[in-house]
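Trainee: Pasting a structure here, questions to come.
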Amino acid sequence: MSIAVAVLKKGEGRALKSGGPWVYDNEISSIMGNFENGDIVIVRDFDGYPLGRGFINTNSKIRIRMMTRNENQEIDREFLKMRVRDAWEYRKKTVDISSCRVIFGEADFLPGMVIDKFSDVLVVQSLALGIDKLKMIIIEELKSAMAEDGITIRGVYERSDAKVRLQEGMERVKGFIGEPFDTKVQIVENGVKYIVDIEDGQKTGFFLDQKYNRLAIQRLCKDAKVLDCFTHTGSFALNAGIAGAKSVTGVDASQLAVDQATENAELNGLEKRVKFICEDVFELLPKLEAEGEKYDIVILDPPAFTKSKNSIKNAVKGYREINLRGMKLVKDGGYLATCSCSHFMSYELFTQTIGQAARNVHKRLRQVEYRTQAADHPILWSADESYYLKFYIFQVIDEK
């Protein structure tokens, strides 16, 4: 069967040619041949120069997601096996694989596909039509690769319920792939035990990308009084507790998250030192300041305040406000851990925003370290969207 060919307009495809993974709808001059949405097509420059193969979807502004830069490469089972095994071998070398992200979309050259491993369970998120058609082969090949290392996967759960699927002309779906199993899964990370709710938890159930950032705060926490804001299921708070913090308060606006965090504290025998409250962080921080509260360590791990370029100004205000409030609650010489998980909040803008907050409250910041996401969420150079997590630890010093 002949394969359709998409030809770029003259002068377009600059991001693609510098290594980017996508072709946008306004970059294409013509498509020759027949295709259905989700099919593989060949991509060529305006002058016929071969740029590779990817899958097409006319419902999406991202018209083609590239699978290979080799125009002659068949996207068959052997090809997918190679991609999956490369991803797995990379994780074995770079991270603790007891629980990790095994497939990270474009950064693993499997665009639109996310697979997280929680102990002996896989959670799959398929966000693009073309990769959705290949999903079952990818899962089978991944289970096969893990089996060769003595890892038996007892269940697979799909969390393809993200809104972005609607932009691909796809329905949002969630449920078991194969036999049902208990969707509350216990994992251990950095010596901390968690119950992960893969059915109803956010995204795939647990944020693995902060694994080593959570570990980084442990050495600061011995005998400390800690405030963990936007705690979700308690991960930073529990790392502080297990490292010997004197007292930890975790705050989240979701009662479900607070209940799960409390359960996790009990699981680790930390319920006497690590407490969780259901409050709006933006309302709570000024209250704590008015009450004269001070902490050895304040941790700010908010959700993404912006998911588009259009709302970046409001996001900057939000990040400035919580960092300003957080700094005011840190004792002189104490520590602030702060982060942004929004791709649109660039490193430069995030850094600038924290600097403004510090100047506004007359605090001096001494940088302890700057970190990004864990290596199982690799940053692929030239694929800017793969670099999203920015994480700072500062010592906060009063001007004197």
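The values are calculated or read from the model by the stated rules, or taken from the named source; none is laboratory data. What you see is a predicted model; the values in this text were computed from it and never measured. Backbone-built Cβ (ideal geometry, glycine too); neighbour counts: all protein chains shown. Only protein heavy atoms, including side chains, enter the accessible area calculation; ligands, DNA and RNA are left aside. Shrake-Rupley method; radii C 1.70, N 1.55, O 1.52, S 1.80 Å.
Trainee: Write down the Å³ per residue value for the convex hull defined by the alpha carbon atoms of the range 145-274.
Mentor: On the way: hull volume 18.3 nm³, N = 130.
In the range 145-274, the Cα hull volume divided by residue count equals 141 Å³.
Trainee: State whether the range 162-214 is rounded, prolate or oblate according to the following rule on the C-alpha gyration tensor (a ≥ b ≥ c being the square roots of its eigenvalues): a/c under 1.5 gives rounded; otherwise a/b larger than b/c gives prolate, and the remaining case gives oblate. If you can, show how the numbers build up before the last one.
Mentor: Numbers: a/c = 3.69, a/b = 1.53, b/c = 2.41.
Oblate shape, in that a/c is at least 1.5 and b/c is the bigger or equal ratio.
Trainee: Under a straight-distance cross-link criterion of Cα-Cα below 18 Å, which lysines are reachable from residue 363, leaving out those fewer than 8 residues away in the same chain?
Mentor: 294, 328, 331, 400
Trainee: Show me the GluC sites (Glu not before Pro) within the range 154-209 that DSSP assigns to loop and that have at most 12 other Cβ atoms within 10 Å of their Cβ.
Mentor: Values: sites: 158, 168, 171, 189, 199; in loops: 168, 171, 199.
Those that pass, being in a loop and sparsely packed, are 171.
Trainee: How much of the accessible area of the chain, in percent, comes from carbon and sulfur atoms when a 1.4 Å probe is used? Don't skip to the end; give the middle numbers.
Mentor: Details: 8770 of 17820 Å².
Roughly 49 percent, rounded to a whole number.
Trainee: Would the range 269-400 count as rounded, prolate or oblate if I go by the C-alpha gyration tensor, calling it rounded below 1.5 in a/c and otherwise prolate when a/b exceeds b/c, oblate otherwise? Before the final figure, lay out the partial values.
Mentor: Numbers: a/c = 1.61, a/b = 1.45, b/c = 1.11.
Prolate shape, in that a/c is at least 1.5 and a/b is the bigger ratio.
Trainee: Need one number: nm distance between label points at residue 32 and residue 161, each 7 Å from Cα along Cα→Cβ, rounded to one decimal.
Mentor: Taking the simple label geometry, residue 32 and residue 161 are separated by 4.6 nm.
Trainee: Using unit Cβ charges (K, R positive; D, E negative) and no other charged atoms, how large, in debye to the nearest 20, is the dipole of the range 1-87 about its Cα centre?
Mentor: On the way: 14 positive and 12 negative charges, 59 e Å.
Computed about the Cα centre, the dipole is about 280 debye.
Trainee: Which trypsin sites (Lys or Arg not before Pro) in the range 154-262 pass both tests, a DSSP loop state and at most 12 other beta-carbon atoms within 10 Å? Numbers along the way, then the final one.
Mentor: On the way: sites: 154, 159, 163, 165, 172, 174, 184, 193, 203, 211, 214, 219, 222, 225, 246; in loops: 154, 163, 172, 203, 219, 222, 246.
Those that pass, being in a loop and sparsely packed, are 163, 172, 219, 222.
Trainee: Note down the magnitude of the dipole of the range 294-363 about its Cα centre, charges +1 on Lys and Arg C-beta and -1 on Asp and Glu C-beta and zero elsewhere, to the nearest 20 debye.
Mentor: Details: 11 positive and 5 negative charges, 54 e Å.
Computed charge dipole of the range 294-363: roughly 260 debye.
Trainee: Loop-only chymotrypsin sites (Phe, Trp or Tyr not before Pro) in the range 307-400, please: DSSP not H, G, I, E or B, and at most 14 other Cβ atoms within 10 Å. Kindly include the intermediate steps, with their values, before the conclusion.
Mentor: Details: sites: 319, 335, 344, 347, 350, 370, 381, 387, 388, 391, 392, 394; in loops: 344, 381, 387, 388.
Passing both the DSSP loop test and the Cβ count: 381.
Trainee: For every helix of n ≥ 4 consecutive DSSP H residues, a contribution of -39,500 (n - 2.57) applies; sum these over the chain, divide by its total residues, and give [θ] at 222 nm rounded to the nearest 500 deg cm²/dmol.
Mentor: Working: 10 runs with 116 residues, N = 400.
Using -39500 (n - 2.57) per qualifying helix, the result is -9000 deg cm²/dmol.
Trainee: Evaluated at 25 °C with a viscosity of 0.890 mPa s, what Stokes-Einstein diffusion coefficient in µm²/s does the range 178-255 have when Rh comes from the Kirkwood expression over alpha-carbon pairs? Walk me through the numbers before you get to the answer.
Mentor: Working: Rh = 13.3 Å.
D, rounded to a whole number, is 184 µm²/s.
Trainee: Normalised by the number of residues in the chain, what is the relative contact order in percent for Cα pairs under 8 Å and 6+ residues apart?
Mentor: Numbers: 860 pairs, mean separation 44.2, N = 400.
After rounding, I find 11 percent.
Trainee: Calculate the translational D of the range 1-63 in whole µm² s⁻¹ from Stokes-Einstein, where the hydrodynamic radius comes from the Kirkwood formula applied to all Cα pairs, the temperature is 10 °C and the viscosity 1.306 mPa s. Could the numbers behind the result be given before it?
Mentor: Numbers: Rh = 11.6 Å.
Using the Kirkwood radius from Cα pairs, D works out to 137 µm²/s.
Trainee: Which of the lysines could a cross-linker bridge to residue 174, judged by Cα under 19 Å and excluding same-chain residues fewer than eight apart?
Mentor: Output for residue 174: 117, 133, 135, 163, 184, 203.
Trainee: A further question follows. Along the Cα-to-Cβ line of residue 267, 7 Å from the Cα, sits a label point; which residues in the range 193-222 have backbone N less than 18 Å from it?
Mentor: 193-212, 214-215
Trainee: Another question, if that's okay. Projected onto the charge dipole of the chain (+1 at Lys/Arg Cβ, -1 at Asp/Glu Cβ, origin at the Cα centre), which of 111, 224, 381 gives the Cα projection farthest towards the positive end?
Mentor: It is 224, whose Cα lies furthest towards the positive end.
Trainee: Then there's this: Applying the Karplus parametrisation 6.51 cos²θ - 1.76 cosθ + 1.60 with θ = phi - 60° to the phi angles of the range 13-27, what ³J(HN,Hα) value in whole Hz is obtained for each residue in order, glycine and proline being reported as x?
Mentor: Residue by residue, the range 13-27 yields x, 4, 4, 4, 5, 8, x, x, x, 10, 10, 8, 4, 7, 9 Hz.
Trainee: Hey, another quick one. Pulled fully out, how much extra length does the chain show between residue 14 and residue 352, if you take 0.36 nm times their separation in residues and subtract their Cα-Cα distance?
Mentor: Values: separation 338, 0.36 × 338 = 121.68 nm, distance 2.86 nm.
Fully extending the segment from residue 14 to residue 352 adds 118.8 nm.
Trainee: Scale the Cα Rg of the chain by the rule-of-thumb value 2.2 N^0.38 Å and send over the ratio, two decimals. Walk me through the numbers on the way to the answer.
Mentor: On the way: Rg = 22.8 Å, N = 400, 2.2 N^0.38 = 21.4 Å.
Against the empirical 2.2 N^0.38 Å value, I get 1.06 for the chain.
Trainee: Translational diffusion coefficient, Stokes-Einstein: compute it for the range 1-128 using the Kirkwood radius over C-alpha pairs as Rh, at 20 °C and 1.002 mPa s, and state it as an integer in µm² s⁻¹. The partial results should precede the final answer.
Mentor: Numbers: Rh = 15.6 Å.
Taking Rh from Cα pairs, D becomes 137 µm²/s.
Trainee: Can you give the percent of C-alpha pairs in the range 313-366 whose distance is more than 14 Å?
Mentor: Details: 694 of 1431 pairs.
Counting every Cα pair in the range 313-366, those more than 14 Å apart make up 48 percent.
Trainee: Give the average over all directions of the projected area of the C-alpha convex hull of the range 74-184, one decimal, in nm². Write out the running numbers ahead of the final one.
Mentor: Working: hull surface 27.9 nm².
With the hull built on Cα positions only, its mean projection is 7.0 nm².
Trainee: On a 0 to 90 degree scale, rounded to 10, what angle separates helix 255-267 from the longest Cα axis of the chain?
Mentor: Approximately 70 degrees, to the nearest ten.
Trainee: Evaluate E = 1/(1 + (r/R0)^6) for residue 361 and residue 385, where r is the Cβ-Cβ distance and R0 equals 45 Å; express this FRET efficiency to the nearest 0.05.
Mentor: Details: r = 33 Å, r/R0 = 0.73.
Efficiency computed from Cβ-Cβ geometry: 0.85.
Trainee: Next up: Take residue 255 and residue 69, extend 7 Å from each Cα along the Cα→Cβ direction, and tell me the distance between the two endpoints in nm.
Mentor: Output for this residue pair reads 5.3 nm.
Trainee: Give me the extension gain from residue 147 to residue 219: residue separation times 0.36 nm, minus the current Cα-Cα distance, reported in nm with one decimal.
Mentor: On the way: separation 72, 0.36 × 72 = 25.92 nm, distance 3.60 nm.
Using 0.36 nm per residue and subtracting the Cα-Cα distance, I get 22.3 nm.
Trainee: Additional query: Work out Dmax and Rg for the range 333-400 from the C-alpha atoms and quote the Rg first, both in angstrom.
Mentor: Gyration radius and largest Cα-Cα distance of the range 333-400: 13.5, 44 Å.
Trainee: When N is the residue count of the range 123-184, what does its C-alpha Rg come to as a fraction of 2.2 N^0.38 Å?
Mentor: In units of the 2.2 N^0.38 Å rule of thumb, it is 1.22.
Trainee: Per residue, what volume in Å³ does the convex hull of the Cα atoms of the range 278-351 enclose?
Mentor: Here the figure is 91 Å³ per residue.
Trainee: Could you size up the charge dipole of the chain around its Cα centre, putting +1 on the beta carbon of Lys and Arg and -1 on that of Asp and Glu, and report it in debye to the nearest 20?
Mentor: Numbers: 57 positive and 58 negative charges, 258 e Å.
Here the size comes out at about 1240 debye.
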